[in-house]
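Input: a single structure, listed below in structure tokens.
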Amino acid sequence: MKSIHQAVVGALGLTLAVSALANPTDDAMHKLATESGCFACHSIEPGKAGPDGLKPVGPSWKEVAAQYAGKPGAQEFLTRIVLEGSSPYASHWQGKVSGLAMPPNAVAITEGNARMLVSWILSLKK
Ligand code: HEC
């Protein structure tokens, strides 16, 4: 009896894991972003001041979603920037944030997770 119970619980766990991948929940994405260190520089909601009351270090993710809304290739483009970092000589958010560039995050997040997080960021609504 015990093994049947375990098999059922196991199958259920697998289903949950698969559906979480297909449609990541806000909670799962918050957790991933926290564990990957993104919130050291980013917030989700716009309007949050950075250290010393200056501009935030990085753009809020709702602003990122608005900036790239409807742009083809945004998903792939941003996944690469998250993994490899951005160039201080070609800042996309110059004047709007206090950070000059984003460092590469590939040490902190896998490519698959970065892609999943970026697609969630792009789905955020104002
Ligand atoms: C040390 C600070 C820092 C950390 C940590 C950080 N970012 Fe950034 N991020 C920035 C800055 C600064 C920018 C603005 C770059 C620019 O102006 O081009 C940025 C920009 C972005 C953008 C928009 C890129 C663009 O070119 O428009 C996305 C998406 C993003 N970050 C996601 C993430 C994710 C996901 C993580 C965690 C895995 C993360 N960031 C961690 C500082 C950071």
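The values are calculated or read from the model by the stated rules, or taken from the named source; none is laboratory data. Everything numeric in this text was worked out from a predicted model, so none of it was measured. With ligands, DNA and RNA removed, areas are computed over all heavy atoms of the protein, side chains included. Shrake-Rupley method; radii C 1.70, N 1.55, O 1.52, S 1.80 Å.
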So with the 1.4 Å probe, I'd like the accessible area per residue for the range 25-122, rounded to whole Å².
58 Å²
Number of Lys pairs (Cα under 24 Å; 8 or more positions apart or on different chains) in the range 25-122:
8
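Given axes a ≥ b ≥ c from the Cα gyration tensor, I'd like to know whether the range 25-122 is rounded (a/c under 1.5), prolate (a/b larger than b/c) or oblate. Before the final figure, lay out the partial values.
Working: a/c = 1.35, a/b = 1.21, b/c = 1.11.
In terms of gyration-tensor shape, rounded.
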How much of the accessible area of the range 25-122, in percent, comes from carbon and sulfur atoms when a 1.4 Å probe is used?
60 percent
